[in-house]
1. Taking the alpha-carbon centroid of each part, what is the distance from the range 365-398 to the range 207-274 in angstrom?
2. To the nearest 20 debye, what charge dipole does the chain have about its Cα centre, counting +1 at the Cβ of each Lys and Arg and -1 at the Cβ of each Asp and Glu?
3. Cα-based Rg of the chain per 2.2 N^0.38 Å, rounded to two decimals?
4. Put one equal scatterer on each alpha carbon of the range 86-226, apply the Debye formula with no solvent term, and list log10 I(q)/I(0) at q = 0.09, 0.12, 0.19 1/Å to two decimals.
5. Relative contact order of the chain: what whole-number percent is it, with Cα pairs under 8 angstrom and at least 6 residues apart?
6. Which order do the peptides 294-306, 325-337 take when ranked by the mean count of other beta-carbon atoms within 10 Å per residue, highest first?
7. Starting at the first residue of the range 502-508, write each ³J(HN,Hα) from the Karplus equation 6.51 cos²θ - 1.76 cosθ + 1.60 with θ = phi - 60°, in whole Hz, x for Gly and Pro.
8. Taking amide H atoms as placed 1.01 Å from N in the peptide plane, list the residues 5 or more away in sequence, or in a different chain, whose amide H sits under 5 Å from that of THR153.
Amino acid sequence: MADQSQHAGNSGAQAANGGFLAAFANNIRATGLTPRKTLIGFVIAWALFFYIYFGMPKPAGLTPAGQATLAVMVWACTMWIFEAMPVGISGLLIPTLLVMTNAVKPFPKAADGFTTPVVFLCLAAFIFAAIMQAGGLDRRIALSLLKWMRVKTVNGVIWAMFAVNFALSFIIPAANARAATLLPVINGITALFGDSEAERNGKKAIVIQTLVYGSMISGMCILTAHLPNLVLIDLFEKQLKLKLSYVDWFIMQWPYLGMFVITQWWVQFYFKTRNVAVAGGAQVIEKQHAALHRMSQSEWLILVVFALVAIAWMTEKSLHTVAPHNVALLGLAVLFVPGLFGFKWKELQDRTIWGTLLLLAGALSLSSAMSSSGLATWLADVLHPVGAGQSWWMILLVFMVGTHIMRLGMLSNIAAVTMIAPILLALAPKLGLHPVAFTMLVADTDTFAYLLPTQITAAVIAYSSGTFSMSDYFKVGWVAVLLAIAYGILVMAPWYAFLGVPVWDPAAPWPFGKL
């Protein structure tokens, strides 16, 4: 009887445990994640953290602070790879873990990424984007440009949507946010196609080239349009005391727009979309545009204020010395004068991507800690033999390919650039290369992580349209990656040299401003 009672008790406990674990799994599924992957990643992240901090023998040449920072970096990267924790929460925990492990002290220094001007510039840009979305201006701009261009073919749609993407880059500061904004517009366009092979291929070309390649490439030359840009700017200012203004960044990066021409040629060739027409496309776009309400006085005011902010960003050196983040915050102050528009704060709050902002701030804190603790220098010493004795272009090739291999398991551009940029900056002088040119060229290739949809949030958004498979994406993407690597070495490196920042000359004087 006792045995039976014990067995019954064990069965009850197993049932209770099963119910508890099932509840965990259901809660994870409710967030859109895979329970197995999420829980395994969570356990691995903490296991690696405790092993590196407490159990791993101290590597030669690495300080205790550097080893502690390594534990935090590995923890963060594992969390990001497995999506085991919301990115905003991981961003908040980074400075806490840095302080608790004595990697950086005191807390204000560990959390300096939350107080850097770059974060306030990003926050202002996010709120501007929320205001645009609340007023429907993002959709109005997209439909107005499409109507004006009167697209009739697949290629016409792609080029028109790239113009839309580029225009939105001045307004919406993240590629994933632009992709999310354009997704309903693209879905409306692809719904016009039939089910023939040519039309299915046309839909694949439009979605991949517009929502992924277009969203990523259009933001590379606009400082506020691609969050990794801000990571690099912050790193150069803190570590090298070098400054790049809004216009300086555009001058250095605008040739990357040529990558869209190249990817468009390749996508068109691969999917054979040259002569595929959009049935009734122009008429449908005109109908959607006509359904928009008339521009209100508040909407015109928003556009005017943002135009003035953009002009102020572009004239920072020539007409004034007000920093970009202060310009943006002053623009917000104008928009929030009582009575100028009727949005409730909650409408803007719900549209502001706070998680990404916290991720950026935490990532900047981690990047700073990697440099101050000596971890970046130590990792640079470890990687130095990989490129030692090679020509500059071979070094670029090796590290660009290595970046794409590393990116196979990581979703976030911000996370990836945060991890590699401080290492690249420390590695450049050891290899006899210009620190800014080398860091930018290798970090920029991360933007072209086009092998799997899970590497870029914009690609995940595009994949949700259901128009293409993982196989489609990979087959067109691996060539796009090779083209991007070649473009960086053959086009961008010579362009930087023309501007006075040759990657092969570490002693070249900085042609732009210094702090």
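1. Distance between centres, Cα-based: 23 Å.
2. Around 540 debye, computed over the chain.
3. 1.04
4. -0.39, -0.59, -1.05
5. Once normalised by length, the contact order is 21 percent.
6. Put in order of decreasing packing, that is 325-337, 294-306.
7. Once θ is set to phi - 60°, the couplings for the range 502-508 become x, 5, 8, 10, x, 9, 4 Hz.
8. Residues meeting the amide H criterion: VAL278.
The values are calculated or read from the model by the stated rules, or taken from the named source; none is laboratory data. Keep in mind that this is a model prediction, so the values were computed, not measured. With ideal geometry, Cβ positions are generated from the backbone for all residues, glycine too; neighbour counts draw on all protein chains shown. Note: areas computed on protein heavy atoms with side chains; ligands, DNA, RNA excluded. Shrake-Rupley method; radii C 1.70, N 1.55, O 1.52, S 1.80 Å.
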